[in-house]
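The values are calculated or read from the model by the stated rules, or taken from the named source; none is laboratory data. Quantities reported herein were computed from a predicted structural model and do not represent experimental measurements. Note that we place each Cβ from the backbone using ideal geometry, even for glycine, and neighbour counts take in every protein chain shown. For the accessible areas, the whole protein counts, side chains as well, though only heavy atoms, and no ligand, DNA or RNA atoms are used. Shrake-Rupley method; radii C 1.70, N 1.55, O 1.52, S 1.80 Å.
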Amino acid sequence: MSNKDSFYITTPIYYVNDNPHIGTAYVTLICDTLSRFHRLFPKSVRFTTGCDEHGQKVQDSATKLNRTPQEHVDIMSKNFETIWEDLGIEHDDFIRTTQDRHKKVVNHLFTKLMKSGMVYKGKYQGAYCTPCETFVTQSKAEDNKCPDCSRDLILVEEDNYFLKLSAFTDKLQKHYDENPDFVQPSYRKNEMLAMLKAGLDDISISRDSVSWGIPIPGDSEHVIYVWIEALMNYVTSAGYLSDDKLFETFWPATCQVVGKDILKFHAITWPAVLMAVGLPLPQTILAHGFILADGEKMSKSKGNAVSPTDLVSKYGKDALRFSLFREISLGQDGSYSEESLIKRYNSELANDLGNLSQRVLAMVVKNLGGTLNQPAEIDTETLAQFDKAKSEYKDYFENYKLNQGIESLWTYVNYLNKFVDQSKPWALAKEEKFEQLNTVLYTVADSLKALAHLLSPVLPDTCVKILNNLNFDEDFSWDSACLKQIPSDHTINKAIPLFPRIEQSKAQKQNQQKKPKKQAKNLIDIEDFQKIKMELVSILEAKKHPEADKLLVLQLSTSQGKKQVVSGISNYYEPDSLIGKQVVFVKNLKPCELRGVLSEGMVLAASNKKELSLVSVDQKIQEGSKVS
Ligand code: ME8
């Protein structure tokens, strides 16, 4: 059992075949928020994330882009780090499976696995899903499609090492019985229990037709199956073999957050590996559901994804995480869109919290000269409501129920709004009842201060603003989240608005295609030219437009993730000939639909009436380089 004074939370480590997307952002934000919550207490907290850099899928992506796998993983993992920073993620470690510290751990643990008698050599003959990096048994491989992602399977026939997973069925069952919270939520645990009941098959744990991986110790013809070595990142990152004190503090992990699609690897394979090598099992594996758009899993390949970085640049970091947690109950699938973010933002952030803060602090400045005094007593109903919200919030967050925890705090925010409406401070000001006015305004300002500490994991930037508005430093802690903390004679600052309202029509307009203005024939200033942002990108995929012969639909690997562009070059290029080409991408064009397909920019081409050629560079240089 984990040390109660420490909290170790992990995200899955992400494949670097693609840039971060809404699904990877969602789980990373969950972990960031939970780690910030636990940091409020006097506790050692560790939050790790990183990249899963080996395997066939990554090897194939690198080949498509004419890169070596190492070049590819170096570029892509940097993108992950940058985007996490843009989203306000504060991790303690960013692990990459190509790092020496990880290879060392994998060698050590795999050797232990072999010595445990739980590994044997055999032949795997069957289907493999490269996008999921999974072996698929014949009975599940209907129509040669992956049962999880529906993409085409490949047939592989390899001499492989196998793990005797079948031998762990009873031990795992016992662990589940003795640790009822091992897998959460309970309906996901039941899925795992059903698998155990059906009995487990042995699994392949090596590949011999893949070279991009960690070789099997003593048999370099094979590499270790990516899923087996990737799981080991969680102990590498906790200091296994490199920092005994760290490992002692943080292993076993408190909470490992994963998507429901990869739960089996974490709730069955991973514990079996740990049992085989004699390491303790994590306390909880928490499975989240999918973010849906129009009832389908949101994913870039389906073209229904909203980009987390675009949302952050438009609405701020806090609005993204707040709306994701509010819209989707952790564990279940839930719909999400830019419109749902705007609705939450306007109703809960701007109206409930932002307005409350603005109107009360403005009155303190206007009617009390900016200075608050501690009243002799605070209304008992307010104290009771606050205590209830705080303890419910703690309980929910400790049990990974983010939406319900936020709801508890929001009940208190709404209580404060009612309190203001009923206390009518504007009437007290008019009647010059300054003592009563001070009591009302103090009650709300003091509550906002306490709320800032409680809400800081969910709205980190906003809570800094709340405390700064109130003229306090932003040293968030659970103990500071109490009422009657503002001392007498305390002067606040002029309030900076927390959430300027988003006009929905304006936001919608931003999404609408604007007709290109006719270009004036006169010369332009350099400032005008500099407004066009261009960079060098690679073409990942090219397909014919389903509705227009002259158009191709290109998928580009850009510094802001994968982008789709519709381009009128079909008469001049075969789609396959474009894969891996480096081209110039105009990245700040307003997105538009071309014959029903979204286009998020353009690629440059030189053309005349007879010929057309894409603009490129005369020698290969790093992707993402600015073109100017
Ligand atoms: O699976 N909604 O990496 P990955 C919610 N390397 N979550 C989503 C989602 C959506 N629409 N789409 C994807 C891997 N995800 C392995 C992990 S860990 C040792 C190795 C989630 O880059 C998905 O559930 O494919 C998964 O948890 C993660 O994003 C995808 O990770």
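Scan the stretch 61-81 for residues that are farther than 15 Å from LEU556 by Cα, open to solvent by 70 Å² or more (accessible area, probe 1.4 Å) and in contact (Cβ under 8 Å) with a residue 24 or more places away in the chain and jot them down. Across the stretch 61-81, the qualifying residue is only GLN70. In summary, THR28 fulfils each of the numbered conditions (1) crowded, with 22+ Cβ neighbours inside 10 Å; (2) under 26 Å from ARG207 (Cβ atoms) with the single exception of condition (2). Just one of the listed residues (SER44, SER35) is hydroxyl-bearing (Ser, Thr, Tyr) and surrounded by fewer than 20 Cβ atoms within 10 Å (Cβ to Cβ), and it is SER44.
Scanning the stretch 311-327 for residues that are in contact (Cβ under 8 Å) with a residue 24 or more places away in the chain, within 16 Å of the ligand (Cβ to nearest atom) and out of contact with any Pro (no Cβ under 7 Å at 6 or more places or on another chain) gives LEU311, ARG321, LEU324, PHE325, ARG326.
Does LEU540 satisfy being open to solvent by less than 70 Å² (accessible area, probe 1.4 Å), more than 25 Å from LYS317 (Cα to Cα), modelled with pLDDT of 90 or more and not in a helix (DSSP H, G or I)? Yes.
Hey, any hits in the stretch 407-420 for a residue that's out of contact with any Asp or Glu (no Cβ under 7 Å at 6 or more places or on another chain), open to solvent by 10 Å² or more (accessible area, probe 1.4 Å) and over 26 Å from PHE41 (Cβ atoms)? Let's see the steps before the verdict.
Residues of the stretch 407-420 out of contact with any Asp or Glu (no Cβ under 7 Å at 6 or more places or on another chain): 407, 409, 411-412, 415-416, 418-420.
Next cut, open to solvent by 10 Å² or more (accessible area, probe 1.4 Å) only: 407, 411, 415, 418-419.
Subset that is over 26 Å from PHE41 (Cβ atoms): 418-419.
Yes, the stretch 407-420 contains at least one residue that is out of contact with any Asp or Glu (no Cβ under 7 Å at 6 or more places or on another chain), open to solvent by 10 Å² or more (accessible area, probe 1.4 Å) and over 26 Å from PHE41 (Cβ atoms).
The set of residues from the stretch 436-467 being in contact (Cβ under 8 Å) with a residue 24 or more places away in the chain and over 30 Å from VAL45 (Cα atoms) comprises LEU437, ASN438, THR439, LEU441, TYR442, THR443, VAL444, ALA445. Can you say whether SER347 is more than 26 Å from SER557 (Cα to Cα), open to solvent by 20 Å² or more (accessible area, probe 1.4 Å), small (Gly, Ala, Ser) and outside any loop (DSSP other than H, G, I, E, B), as far as the supplied structure shows? Yes; evaluated as a whole, the condition is true for this residue. Among residues of the stretch 300-309 being out of contact with any Gly (no Cβ under 9 Å at 6 or more places or on another chain) and either part of a loop (DSSP other than H, G, I, E, B) or modelled with pLDDT of 95 or more (or both), the one that is farthest from the ligand (Cβ to nearest atom) is GLY303. If you scan the stretch 491-537, which residues turn out to be modelled with pLDDT under 80, over 35 Å from the mean Cα position of the chain (by Cα) and open to solvent by less than 80 Å² (accessible area, probe 1.4 Å)? Residues satisfying the conditions are ALA520, ASP528.
Number of residues in the stretch 468-481 that are closer than 16 Å to LYS390 by Cβ and free of Cβ contacts under 8 Å to residues at least 12 places away in the same chain equals 1.
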